Amino acid sequence: MSDDRKPAPRPGRPPESDQRAVREALLDAACRLFSRHGYSAVSLRSLAGEAGVTPAMVHYYFGDKHGLYMAILEATVGEALADLEAADTDFSGGDALGAFMDRYIGMLATNPWLAPLIYREVLLAEGKLPAEFLERFPTRIRRLLRGALEVAVQRGEIRRDLDLDLLLISLIGSCVFPFLARPMIEQGLGLPVDEAFAERWRQHARRLFLEGARP
């Protein structure tokens with residue numbers, strides 16, 4: 001008579017699929033809790049509880065809470081910037097600016113927790129990490145956009161009488177504002193900030209900015 005019983009699993013690291021599931025659960029939990037309560041108010045225990053794992057898993061996959069925080073930013077802002085830098089290293093004028101707006105608005109629409117998190121941690125300076133965030137991401141954004149603006153001016157795609165520093169701020173603001181002001185837009189104006197709205201805003205912001213700055 002054959003024995004169909006499966007051998008007991010060996011102790012050690014969990015299967016790769018389980019590792020991915022735990023890591024993704026922690027990232028999702030961090031997105032929700034950090035954007036809702038702020039970095040300082042969220043404990044390892046609450047992160048683990050939200051993800052349905054033990055606090056030791058945070059240490060195993062990310063080192064500590066700081067590592068988890070930076071991981072969610074790298075997985076969104078960092079990857080978006082890396083794609084733009086790789087695709088447009090020559091800063092091709094208006095095309096680069098439009099590509100940035102498309103990608104930035106798409107990133108904020110896909111990750112609705114991101115704009116509130118940045119607002120809470122960086123703009124309100126509630127967290128302990130704004131300096132590291134500012135060093136890692138806005139510097140890259142400025143380098144990318146400032147180069148694109150300068151090339152666009154040289155090509156005659158943007159008026160020479162515009163202040164490029166303020167134009168850069170206007171570009172970023174036009175992308176991010178609806179996602180920062182989501183409650184006001186949805187409750188006050190009755191416009192759901194959903195996928196369809198994000199696509200309307202992407203087309204509107206791109207046209208308004210690029211055509212408004214044109215000579």
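The values are calculated or read from the model by the stated rules, or taken from the named source; none is laboratory data. Just so we're clear, the structure is a prediction, and the values are computed from it rather than from any experiment. Quick reminder, even Gly has a Cβ in these numbers, built from the backbone with ideal geometry, and neighbours come from all protein chains shown.
So here's what we get for this one:
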read-out	value
Single match in 142, 182, 159 (criterion: farther than 19 Å from residue 208 by Cα, touching a residue at least 40 places away in the same chain (Cβ under 8 Å) and surrounded by 13 or more Cβ atoms within 10 Å (Cβ to Cβ))	182
Count - residues of the stretch 165-202 that are within 20 Å of residue 140 (Cβ to Cβ) and among the small types (Gly, Ala, Ser)	3
Any hit, the stretch 200-215, residues being surrounded by fewer than 18 Cβ atoms within 10 Å (Cβ to Cβ) and in contact with a Lys or Arg (Cβ under 9 Å, 6 or more places away or on another chain)	yes
Residues located in the stretch 22-49, provided they are of a type in the set (Ser, Thr, Tyr) and surrounded by 15 or more Cβ atoms within 10 Å (Cβ to Cβ)	35, 39
Scan of the stretch 67-113 for residues that are modelled with pLDDT under 85, within 23 Å of residue 173 (Cβ to Cβ) and of a type in the set (D, E, K, R), ordered by number	79, 83, 85, 88, 95
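Every residue, every condition in (1) at pLDDT below 90; (2) basic (Lys, Arg), yes or no:
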residue	(1), (2)
117	yes, no
154	yes, no
178	no, no
192	no, no
197	no, no
206	no, yes
214	yes, yes
